[in-house]
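So the structure is just underneath, and the comments pick up after that.
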């Protein structure tokens, strides 16, 4: 059974996520916060930025489960897994590598709240290039990249989860996965596993739950969830709870076809560039260049939009297309693999 899902609602979800991160960092910089200070204009900006990333986690796992379902019509087993890994590598690494190298070449600090740039050695560089800096506990070259290692590590297991939850007796398997996942935050490296699993839950609900809630309520609902998390005391259980709320609500809303969905589609398309480029731009406009205060927000919007579009057109899209062509060379339907044989039982 297909799970096309409300794509326009997912664009809105992704747009709210990236804008939450952007607004959090803008508030910190304009309020003159120093490193470690999170309260700006009475808003807990750490929670605001964090909830944006959490929404990314829910959105990403759901969208990738849908992508795996579409690909399974022509691929199975290890062929499907290899196809997935190749495409994800060419999606996430090219832009992150470019931003890292540019930040080092121009001595751009990891954030714009007063932390100076400091070269920390080849091991630091390599860990950031590979997006594994969370494993040895190495600082990020640019602060928004803290979330990318968790995404990369989620990519490693998501195809196996897909095979598990789409096989026979998948409800019981999904329940078992969620029980195991609930224990993961006990290990710091696995802290966000439950958040990713809520996207898997949303995937399973799509197609089984009839959307009844009017589409126009989706955007205020997501923004309300963001406000709820920012207001609530920060904690690991609250991270999972807000992700579960969002994941469970996604299938209940009708697809949005209004003007807001058009704007959200553009923001979502360039959101990776916004996520990685806004910090260097904030540093440049608010720390390096002398200009009237009223001009800075205008230039911030223009520069972030221009940089994001340029990154997508020159780096992201060409390498996404190259990765897709490379992945499509994987044989379409090999004999049933060991992985597929196990999960089908």
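All of 197, 244, 228 fail the test of being touching a helix residue (DSSP H, G or I) at 6+ places or on another chain (Cβ under 8 Å), in a helix (DSSP H, G or I) and farther than 26 Å from residue 165 by Cβ, apart from 228. Would you confirm whether any residue within region 24-35 is buried (at least 18 other Cβ atoms within 10 Å of the Cβ), at pLDDT 95 or above and within 14 Å of the chain's Cα centre (by Cα)? No - not one qualifying residue is present in region 24-35. Confirm whether residue 267 is buried (at least 19 other Cβ atoms within 10 Å of the Cβ) and assigned to a helix (DSSP H, G or I). Criteria met by residue 267. Filtering region 64-89 to residues that are under 21 Å from residue 273 (Cβ atoms) and in contact (Cβ under 8 Å) with a residue 60 or more places away in the chain leaves 64, 87, 88, 89. Scanning region 119-127 finds one or more residues that are farther than 27 Å from residue 28 by Cα, in a helix (DSSP H, G or I) and touching a residue at least 12 places away in the same chain (Cβ under 8 Å). How many residues does region 49-78 hold that are crowded, with 21+ Cβ neighbours inside 10 Å and out of contact with any helix residue (DSSP H, G or I) (no Cβ under 7 Å at 6 or more places or on another chain)? Number satisfying all stated conditions: 1. The single condition from (1) over 30 Å from residue 186 (Cβ atoms); (2) surrounded by 16 or more Cβ atoms within 10 Å (Cβ to Cβ) that residue 240 fails is (1).
Considering (1) over 28 Å from residue 101 (Cβ atoms); (2) in contact (Cβ under 8 Å) with a residue 40 or more places away in the chain; (3) in a helix (DSSP H, G or I), the lone condition that residue 167 does not fulfil carries the number (3).
The values are calculated or read from the model by the stated rules, or taken from the named source; none is laboratory data. In this text the structure is predicted, and so the values were computed from the model without any measurement. Cβ atoms come from the backbone with ideal geometry, glycine included; neighbour counts cover every protein chain shown.
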